[in-house]
Amino acid sequence: MKEIKNIFLFLINTNIFVALCVCALSISSEYLFNSHNLRITQFVFLSTLFTYNYQRVVRIKKGVKHKRKEWTLNNNSLVYFLIGIGIIGSFYHFFQMETISQIFILLFGMISLLYPFGIRRIPFFKIFIISLTWTISTMLLVVLENNIPLNINTYLHLICRFLFVFAICIPFDIRDIKYDNIKLKTIPISVGISKSKLISVFSLFSIGLISIYQFQNYNLKIEFLISIILSCIVSSIFINKSDEKKSDFFFSFWIESLSILFYLFLTISILIF
């Protein structure tokens, strides 16, 4: 059991795990739109690997408190290797994408690069830019690259993805209360932990309502509707258990895994129905 946990800790520390979670959401989008593209999944994995490791290195070099500072300094060569693999692989896939996809990638790529240099200190900017970036990388790229029509149903899917990422990001702000400066305006710092959880659960509840509307009006498959609602229920349970006293592993593995759980529910529904 200890060996298994150590493997997961390695995946978490190297940001491979979060990259897999982003991939899971990207593949989930392909299920929802019934349209597949391996290039997007590969790009999303590699760009996430680069971005998260790059931001961590920059923040540590700036002297910002970081829970994985010691591990990163002790594994400096590995971290830079992953950054190199991530950026080379991302560029390779980037130049094979549609122009409109490249524009979105460049725009939000610049924001990601500048994020550690003060952008994150803009009030409430942190959670919204993360939610928007994940929405673009895990769903909008699928839409653009696979020539899926931009209609009301597509926009509703994009809104649901934004709300889902927004909901599961709030627990990380709860975790980071002890690291974030009081001047850094996050939702938990501004309204407290209890109200932050309510905002998160309400976001998930909204996803359920939108999905029911899509089922009734836009032919969302019943198995997908059930999967989405189950994902929201389980996510709500984990979010309600979140507080600043929980271990980092609870957030970095269990909360982060909610993205994979969303993918697994959809996969199981496809296999069953």
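Points worth noting:
- Pairs linking a residue in segment 34-51 that is more than 16 Å from L140 (Cβ to Cβ) to a residue that is hydroxyl-bearing (S, T, Y), with Cβ atoms under 7 Å and 6 or more positions apart or on different chains, are L46/S90; F50/S90; T51/S112.
- Unique match (being closer than 23 Å to R59 by Cβ and in contact with a Leu (Cβ under 9 Å, 6 or more places away or on another chain)) among I85, I100, I127: I85
- Condition met for V201 (crowded, with 21+ Cβ neighbours inside 10 Å and either assigned to a helix (DSSP H, G or I) or aliphatic (A, V, I, L, M) (or both)): no
- F166 surrounded by fewer than 14 Cβ atoms within 10 Å (Cβ to Cβ) and closer than 19 Å to I237 by Cβ: no
- Residue within segment 243-260 that is out of contact with any helix residue (DSSP H, G or I) (no Cβ under 6 Å at 6 or more places or on another chain), crowded, with 18+ Cβ neighbours inside 10 Å and part of a helix (DSSP H, G or I) present: no
- In the condition set (1) of a type outside the set (S, T, N, Q); (2) over 27 Å from F125 (Cβ atoms); (3) touching a residue at least 12 places away in the same chain (Cβ under 8 Å), L204 is compliant with all but (2).
- One residue from K69, K61 being free of Cβ contacts under 8 Å to residues at least 24 places away in the same chain, surrounded by 14 or more Cβ atoms within 10 Å (Cβ to Cβ), of a type in the set (D, E, K, R) and over 30 Å from L266 (Cβ atoms): K69
- For segment 221-231, the set of residues classified as of a type outside the set (V, I, T), more than 12 Å from L264 (Cα to Cα) and in contact (Cβ under 8 Å) with a residue 24 or more places away in the chain consists of K221, E223, listed by residue number.
- Note on segment 1-72: enclosed helices (runs of 4 or more DSSP H) holding 2 or more residues that are among the charged types (D, E, K, R) are 2-13, 38-61.
- Taken over segment 76-92, the criterion of being of a type in the set (S, T, Y) and within 10 Å of S47 (Cα to Cα) is satisfied by S90 alone.
- Qualifying positions in segment 106-148 - β-branched (V, I, T), touching a residue at least 24 places away in the same chain (Cβ under 8 Å) and not in a loop (DSSP other than H, G, I, E, B): I127, I130, T133, T135, I136, T138, V142, V143
No value in this document is a laboratory result; all are computed from the given coordinates. None of the values given here were measured: they were computed from a predicted structure. Neighbour counts run over all protein chains shown; Cβ positions are idealised from the backbone, glycine included.
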